[in-house]
Amino acid sequence: MAPQNRHDTSNEPADGDGGTLAGLSRRGFFGAGAGGLAGAVVLGAGVQPAAGRTTVARSAQGLVAGDPHAPSTLRATAGHARRPRGGLQVRILPIDRATFRPGARFDLRVEASGVDTESTRIRIAVAGPDGPVPLLVGTPERTSSEPGSIEVTYRGLAYHEAGSHRVRVIVSSRTGRGEAVVVHEVLQTVAPPRPVKNVIFCLGDGMGAPAVTAARILSKGITEGKYDGLLEMDQMDFRGIVTTSGDDSIATDSANSMSAYMTGHKSSVNALGVYAGNDPDPNAQPRVETMAEILKRSRGMGVGVVTTAEVQDATPAGVWSHVRLRSQYVEIMDQALNPGQMPDVILGGGRATLLPQSEPGSRRQDDRNLIEEFEDEGFTYAATRAQLAQAVATEPDKLLGSFTLGNMNVYIDREVTPDPEVLGEFTDQPTLMEMTRAALDVLSRREEGFFLLVEGASIDKMQHPMDGPRAVYDTIEFDQAIGVAKRWAQEDGDTLVVVTADHNHSMSIIGTHDARDEASPDRQANRVYGDAGWPTYVDTTGDGFPDDPDPDIQLFFGWASHPDHSDDFEHNDRFAQPALLDPDGVAVDNPDRDPGALVQTGNLPYDQTNCVHTVQDVYVMASGAGSDRFNGVLDNTDVFHRMIDALALVVPQPDRPRETGE
Ligand SMILES: [Zn+2]
């Protein structure tokens with residue numbers, strides 16, 4: 001594209017700022033890659049129009065199930081993350097106090113609103129610990145995303161040196177003058193005495209402390225107040241606390257929290273690998289480099305994702321993708337075919353996004369068959385548990401397993417009380433343990449080391465509809481997958497295992513419920529304090545999962561947030577939504593769940609059919625070399641940096657070759 005920007009080549013006064021604009025010349029400004037600039041001036045005219053705004057259609061015929069993350073999706077698409085309060089406003093992305101690694105790529109975006117677009121002049125100055133820093137490389141994109149707004153975006157920048165960097169932006173326009181300053185912290189690698197070669201990152205989605213406690217009660221048992229055993233995640237070398245809020249809100253979702261773990265940058269609800277700018281095009285947001293991109297570019301490491309969700313779901317997608325909206329499943333999957341982002345192992349649900357539109361159940365609106373495209377890239381494909389075992393036996397370099405159209409079924413429905421009507425044609429799905437073993441088998445042949453995500457996804461997906469037993473059995477399954485990872489890592493001796501959650505959830509363990517009690521209403525059979533005693537789950541097979549999720553005395557699950565719903569406090573043989581949307585979009589009690597039980601009045605807005613994430617901190621646990629730094633209170637972005645430190649990874653500048661092996 002021909003540079004159509006007009007530039008102010010007069011030597012601007014430095015405004016007393018360390019990041020002086022002096023020395024800026026036309027030649028320097030156009031000199032992409034020639035070391036960059038410490039400052040730049042961009043005038044408003046000649047902007048490129050931003051793409052058309054996306055909308056979300058919404059309809060309800062009769063009663064319909066609601067998406068637990070839908071309301072935030074609606075808000076995120078209906079407006080911008082931060083609407084200016086009036087007057088001339090300046091916003092800089094990445095945000096103040098953002099953390100970086102030298103060499104890691106990011107886009108720098110300046111948004112000036114409340115301006116007259118023709119007369120606007122934007123001055124950007126960057127200063128490091130030793131004065132002006134030539135950060136700005138290349139020709140910036142200039143856009144006007146809405147009336148009275150001018151944006152400037154530099155793509156693919158990277159800081160060269162560690163230390164605090166100050167980005168100062170001054171905007172002048174006929175409407176006034178505005179200024180913003182952010183400080184970016186560029187962190188040096190703090191390598192442990194013996195760096196690791198591999199990282200296994202285990203994420204229990206929505207796994208707050210209650211899910212862990214309930215899993216321990218059901219899986220290990222408890223006698224006179226002492227547990228009869230500990231979970232795998234209880235027995236890690238170090239433990240800390242993670243705070244989970246995003247840059248837009250105290251309440252996070254799985255997208256921006258996973259993005260924090262995978263990029264070291266906070267983001268907004270529903271966003272992956274990008275900051276939420278004001279561009280209406282979800283694919284034009286300013287990007288930050290993802291774990292997959294950094295590890296592949298720096299060291300040629302293998303990357304794997306294993307999940308019980310659709311592989312395009314927020315948590316696995318966070319490993320490689322850049323999207324403003326986590327619901328962009330097709331875009332997320334298409335990005336996985338880009339060589340710089342491509343995982344080497346992809347195991348989970350989500351076949352709907354792989355199949356061409358002609359196939360039943362396809363989510364695509366084109367004729368691409370991504371299973372074939374991945375096979376063309378050297379992947380071996382498995383559609384069932386049996387095929388997964390066969391595929392692993394052939395020692396493939398790359399492995400794609402897609403075992404259901406949508407999310408995989410939960411452990412109770414897959415393994416404990418399989419129901420043909422629930423499973424449909426997907427009767428041969430692997431467990432999370434089997435998928436973890438398969439991924440490790442493939443990735444362990446990578447000379448350069450690997451990063452593997454193991455996600456217990458339905459710990460979250462079953463807490464949203466307030467199904468305690470299904471959430472807890474999936475927590476036990478996740479814990480057993482952690483056991484697979486730990487045993488592999490202990491044998492290897494060169495591997496860090498990190499276990500955490502992305503956010504807390506509404507579930508709480510209050511006491512027990514005595515299902516033998518004919519009391520009416522059912523809440524009269526809930527037992528608290530000394531009356532609670534002990535539940536009667538029994539595991540005669542010793543597999544860690546109680547034989548019957550519906551014993552006489554069960555856990556009494558309470559929910560901090562909920563819609564209007566009825567609850568008999570007993571396990572449901574078949575899953576049922578607690579509430580459904582009526583034609584007016586109002587959540588009402590689902591008449592088919594616990595019919596006849598007392599309806600509990602909700603505390604959420606009327607459009608919410610599920611309970612929602614909560615803001616409390618979550619655990620992080622770690623074992624192996626470098627695990628000692630996973631203690632204390634960590635921001636979720638710290639977790640990224642501590643994994644990078646454990647690997648002693650030095651990220652090369654974007655235009656330089658990768659590290660050579662030792
Ligand atoms: Zn959730």
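Summary table
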item	result
Residue 459 modelled with pLDDT of 95 or more, within 16 Å of the ligand (Cβ to nearest atom), in contact with a helix residue (DSSP H, G or I) (Cβ under 9 Å, 6 or more places away or on another chain) and under 21 Å from residue 258 (Cβ atoms)	yes
The lone exception for residue 221 - which of (1) within 23 Å of residue 94 (Cβ to Cβ); (2) small (Gly, Ala, Ser); (3) assigned by TED's automatic domain parsing to the domain that holds residue 486 it fails	(1)
So residue 502, is it outside the structural domain of residue 258 (by TED's automatic domain parsing), within 16 Å of the ligand (Cβ to nearest atom), touching a helix residue (DSSP H, G or I) at 6+ places or on another chain (Cβ under 9 Å) and within 25 Å of residue 634 (Cβ to Cβ)	no
Unmet criterion (only one of (1) within 23 Å of the chain's Cα centre (by Cα); (2) over 30 Å from residue 496 (Cα atoms)) for residue 600	(1)
All helices (runs of 4 or more DSSP H) inside the range 267-382 with 1 or more residues being among the small types (Gly, Ala, Ser)	291-299, 314-317
Matching residues in the range 204-223 - criterion: being within 16 Å of the ligand (Cβ to nearest atom) and in a helix (DSSP H, G or I)	210, 211
Residue, nearest to the ligand (Cβ to nearest atom), within the range 564-613, restricted to residues that are of a type in the set (S, T, N, Q) and closer than 27 Å to residue 548 by Cβ	610
Filter result (over 29 Å from residue 390 (Cβ atoms) and in a loop (DSSP other than H, G, I, E, B)) within the range 441-490	464, 465, 466, 467
Total residues in the range 577-593, condition crowded, with 16+ Cβ neighbours inside 10 Å and touching a residue at least 60 places away in the same chain (Cβ under 8 Å)	8
Filter pass, residue 448 being at pLDDT below 95 and away from the ligand (no atom under 16 Å from the Cβ)	no
Filtered residue count, the range 549-575, keeping only those that are part of a loop (DSSP other than H, G, I, E, B) and touching a residue at least 60 places away in the same chain (Cβ under 8 Å)	9
Residue in the range 507-522 that is closer than 18 Å to residue 464 by Cβ and within 16 Å of the ligand (Cβ to nearest atom) present	yes
Which numbered condition residue 495 misses (of (1) more than 28 Å from residue 555 (Cα to Cα); (2) surrounded by fewer than 17 Cβ atoms within 10 Å (Cβ to Cβ); (3) polar (S, T, N, Q))	(2)
Tally, over the range 349-378, of residues that are touching a Lys or Arg at 6+ places or on another chain (Cβ under 6 Å) and more than 25 Å from residue 424 (Cβ to Cβ)	1
Long-range neighbours under 6 Å by Cβ, at least six apart or interchain, first residue farther than 26 Å from residue 184 by Cβ within the range 616-645, second of a type in the set (Lys, Arg)	621/239; 625/194
Residues located in the range 212-245, provided they are of a type in the set (Val, Ile, Thr) and farther than 27 Å from residue 626 by Cα	217, 222, 223
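A quick yes/no check of all residues on (1) aliphatic (A, V, I, L, M); (2) within 16 Å of the ligand (Cβ to nearest atom); (3) over 11 Å from the mean Cα position of the chain (by Cα):
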residue	(1), (2), (3)
229	no, no, yes
238	no, no, yes
248	no, no, yes
258	yes, yes, no
263	no, no, no
272	yes, yes, no
280	no, no, yes
284	yes, no, yes
293	no, no, yes
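Each row is one residue, and each column tells you yes or no for (1) surrounded by fewer than 22 Cβ atoms within 10 Å (Cβ to Cβ); (2) at pLDDT 95 or above; (3) among the basic types (Lys, Arg).
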residue: 190; (1), (2), (3): yes, no, no
residue: 194; (1), (2), (3): yes, no, yes
residue: 199; (1), (2), (3): no, yes, no
residue: 213; (1), (2), (3): yes, yes, no
residue: 225; (1), (2), (3): yes, yes, no
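The values are calculated or read from the model by the stated rules, or taken from the named source; none is laboratory data. Not measured: the values here are computed from a predicted model. Don't worry about glycine lacking a Cβ; one is built from the backbone with ideal geometry, like all the others, and counts go over all protein chains shown.
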